[in-house]
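I have placed the structure first, in the form of structure tokens, so that the comments after it can refer back to it.
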Amino acid sequence: MPHKVALAYTRYLSPDGQLLGDLPAWADDFNLLTRLYRQMVLTRLFDQKAVALQRTGRIGTYAPTLGQEAIGVAIGSLMRPEDVLVPYYRDTAVQLMRGVRMEEILLYWGGDERGSDFADPAVAEDFPICVPIATQALHACGVASAFKIRGEHRVVVTTCGDGATSKGDFLEALNVAGTWQLPVVFVVNNNQWAISVPRRIQCGAPTLAQKAIGAGFHGEQVDGNDMLAVYDRVQAALERAQHGKGPVLLECLSYRLGDHTTADDATRYRPADEVKQAWLEEPIKRLQRFMAGQGVWDEGREQALIGECQGLVQQAVGNFEAAGTQAAESVLDYVYAQWPAALAEQREMFLERLARRGGGSNHE
Ligand SMILES: [Mg+2]
């Protein structure tokens, strides 16, 4: 029998948007709730557009964030500008809130290095998207170590999926974070599937949050589809790290409503009934029902919001298309600060081959 560990689990709203208990005081701020709701809607509309752009061959692979918008919006709205995000590949919601532009996200997934060169100075120190599984957790600990050594009261937030928690890199990161009591918050987006591997055969522990206990720090679970709950727990985790009380592992229980990426077809391995059930618990409808029940949301506001967000998405697609294509050799440009002499010959060969194909540089 798996060992049971008593861990906190937070949920304020039932799947149909009914209040299950007393809310924290901040939840009375309907302007805040509207902002959080707006950001989830914007993320979903952008996400749909990104998938459509991939289907029509205008960007490469894309990892949809469908169904997990609340987690990213909570993180993005609570991190301070001086904090640093070390993201994984399903973080559209967080990146947009941090100040990464929609067209930059499209450039990234279009294979264009400019997509990781964020124009907004507010996000200059955030890391680019990490596609290798769990390696970013170690980078996050490196950044958090620097903050601690310099005596800076800044926090690192790093994210990953449920599958990443089985990787050595993740466990090593937890270990060093606990040993050195680093100001880092690990947010696990447990969307129940690691590509085609279901959570139940991913790990023998009943929760992923309890991995923090072995590393000597706080772990807890939250309903990742309940905007109010996830906001509340991300806020508590950030405060804890800010005040030198050590790292936190927050496991957000959600569901990946879309495919793993546009290179996947989840209908080949997931039961339709399970997905149908998950749609009943998704975060946007849940908060919308709650707000409608409180008398602060209606169909007119919904339609106005959708129109506004669609306009923003369309504008970003226009900016993305106007950016043109980057030279093929740009794939080499950002690997090293100074190109190593030992690789000079390989670079020359690559450039010669590009020139022979006529597909060489079109930038200065
Ligand atoms: Mg997953």
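Readers should treat all values here as calculations from the given coordinates under stated rules, not as data from a laboratory. On a predicted model such as this, the values are computed, not experimentally measured, just so you know. All Cβ positions, glycine included, derive from the backbone under ideal geometry; neighbour counts span all protein chains shown.
A Cβ-based charge dipole, computed about the Cα centre of region 9-321 with Lys and Arg at +1 and Asp and Glu at -1, lands at about 460 debye. In the chain, the DSSP-assigned H stretches of four residues or longer account for a calculated mean residue ellipticity at 222 nm of -14000 deg cm²/dmol, using -39500 (n - 2.57) per stretch and the full residue count as denominator.
Based on the reciprocal of the average 1/r between different C-alpha atoms, the Kirkwood radius for region 206-304 equals 16.2 Å. When the Cα positions of ASN225, GLY204, CYS309 are compared along the charge dipole of region 9-321, GLY204 comes out farthest toward the positive end, with charges on each C-beta of Lys, Arg, Asp and Glu.
Rounded to two decimals, the Cα radius of gyration of the chain over 2.2 N^0.38 Å is 1.02. Each listed q (0.21 Å⁻¹) maps to a log10 I(q)/I(0) for region 104-200 from the Debye sum over equal C-alpha point scatterers, namely -1.10. When DSSP beta bridges are restricted to pairs lying wholly in the chain, around 10% turn out antiparallel. Sorting the segments 25-31, 245-251, 46-52 by their residues' average number of neighbouring beta-carbon atoms within 10 angstrom, most packed first, yields 245-251, 46-52, 25-31.
For region 110-115, backbone phi angles converted through the Karplus equation (6.51, -1.76, 1.60; θ = phi - 60°) give residue-by-residue couplings of x, x, 9, 4, 5, x Hz, Gly and Pro being listed as x. The protection proxy used here, the mean number of other Cβ atoms lying within 10 Å of each residue, ranks peptides 307-318, 134-145, 287-298, 155-166 as follows, highest first: 155-166, 134-145, 287-298, 307-318.
Each pair of Cα atoms in region 2-93 enters the Kirkwood radius, and Stokes-Einstein at 10 °C and 1.306 mPa s then converts it into a translational diffusion coefficient of 100 µm²/s.
Amide H contacts for TYR88 (H built 1.01 Å from N in the peptide plane; partners 5 or more residues away or on another chain; cut-off under 5 Å): CYS130, THR159.
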